[in-house]
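K.L.:
Pasting in a structure now, in structure tokens, and then I'll have a few things to ask.
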Amino acid sequence: MNRIDRLQAILTQLQSKRIVKAQEIADRFEISLRTVYRDIRALEEGGVPIGAEAGIGYYLMEGYHLPPVMFSNTEAHALLLGAKLIENMADQSVDTAFQSALYKIKSVLKTNSKDSLEDLDQRIKVVSSTRTAPQTFDSHFLSDIQQALAQHQTLTIEYFSSYNTKLTERTVEPVGLLYYNSDWHMIAYCLLRNDYRDFRVDRIKSLKFSKTFKSRSSDTLQNYLDNLARTEHLEEAVIIFDKEILRYAAPQRYGYGFVSEEDLGNQVRMRFLVGSTMGMAHWLLMYTNAVTIESPFGLKEAVQKLVIELQGHYFAESQPIIANE
């Protein structure tokens, strides 16, 4: 990116938040802090009223208005792809809001960009995964939960507990939203249980706002996830996959605690945090000799056990029947 484009992008970034840290700008454009300071000075010399708070960051002075933001074709295409994903991965409340925003974005595109986007819209489909069971209730609370998170509002919900198949009323202080196993989950401090709980959003029957609350010092989503990893006794597993089977394994890895990967040429070493070695053993068995288990030894034993059971089953089934003489 040349400097002129970077200055324009920094200006747009300053418009996106109340205060932007210099380190955020440096990280985004992969430049040094010294270069950030020079770019900010260049914008100020060009007449842009930029304020600064020592040790905090930069901001645009109140009342300064930028011209309408223009989107490149690549950016518009990325937004369209996001809309396709939201349509299948979010609920109606979020989808409606995003579609409204997308119409506004389309309105400022150039004519050729609009035509390109219209054509691309017909060429992208996101197919939802088949659920093993239907949703409990029609989920339409994601926007409300986002509002509660932003404004630190307590929620009173009617929640369907799967373990006892009953509705319970809970008053909760939301901490964050997580998407995993094809569902949205609200992480919140439950005042009934006096502890943090994981609520699947599609099991919420009703929701209403209550008073605001003061966040606890540990009341962050990342703290919750870090604590969960410590208390769930997760074990690290290191697996080497042949690249030829990655097309099948890669989409499923997140369901087994995927953490990171390392390219080895014709193979990839992946690290996982595993709660159930037997569950992972069943998954790895389908890839036969295209995977190598480096650790833990218990996972190797689990796979060996499954192989022996499988051999015993098919060996018994394949024995010829000898008639008595």
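The values are calculated or read from the model by the stated rules, or taken from the named source; none is laboratory data. Please read these numbers as outputs of a predicted model, since none were measured by experiment. Cβ sites come from the backbone with ideal geometry, for glycine too, and all protein chains shown count toward neighbours. What goes into the accessible areas is simple: the full protein's heavy atoms, side chains included, and nothing from ligands, DNA or RNA. Shrake-Rupley method; radii C 1.70, N 1.55, O 1.52, S 1.80 Å.
K.L.:
Please enumerate the residues belonging to the stretch 87-103 that are open to solvent by 40 Å² or more (accessible area, probe 1.4 Å), under 15 Å from the mean Cα position of the chain (by Cα) and among the hydrophobic types (A, V, I, L, M, F, W, C).
P.N.:
MET89
K.L.:
A follow-up question, please. Sort through LEU234, LEU273, LEU284 and tell me the only one that's exposed (fewer than 15 other Cβ atoms within 10 Å of the Cβ) and not hydroxyl-bearing (Ser, Thr, Tyr).
P.N.:
Residue meeting the stated conditions: LEU273.
K.L.:
Which of (1) open to solvent by less than 70 Å² (accessible area, probe 1.4 Å); (2) part of a helix (DSSP H, G or I); (3) modelled with pLDDT of 80 or more; (4) under 30 Å from GLU294 (Cα atoms) does VAL268 not meet, given it meets every other one?
P.N.:
Every condition holds for VAL268 apart from (2).
K.L.:
Within the set of pairs 6+ apart or on separate chains, which have a first residue in the stretch 9-30 that is open to solvent by less than 20 Å² (accessible area, probe 1.4 Å), a second that is among the basic types (Lys, Arg) and part of a helix (DSSP H, G or I), and C-beta atoms under 9 Å apart?
P.N.:
Within 9 Å, the pairs are ALA9/ARG28; ILE10/ARG28.
K.L.:
Based on this model, can you work out whether SER107 counts as at pLDDT below 80, out of contact with any helix residue (DSSP H, G or I) (no Cβ under 6 Å at 6 or more places or on another chain), polar (S, T, N, Q) and surrounded by 10 or more Cβ atoms within 10 Å (Cβ to Cβ)?
P.N.:
No; evaluated as a whole, the condition is false for this residue.
K.L.:
Turning to a different aspect of this structure: Within the stretch 156-206, count every residue that is assigned to a strand (DSSP E or B) and within 16 Å of LEU142 (Cβ to Cβ).
P.N.:
22
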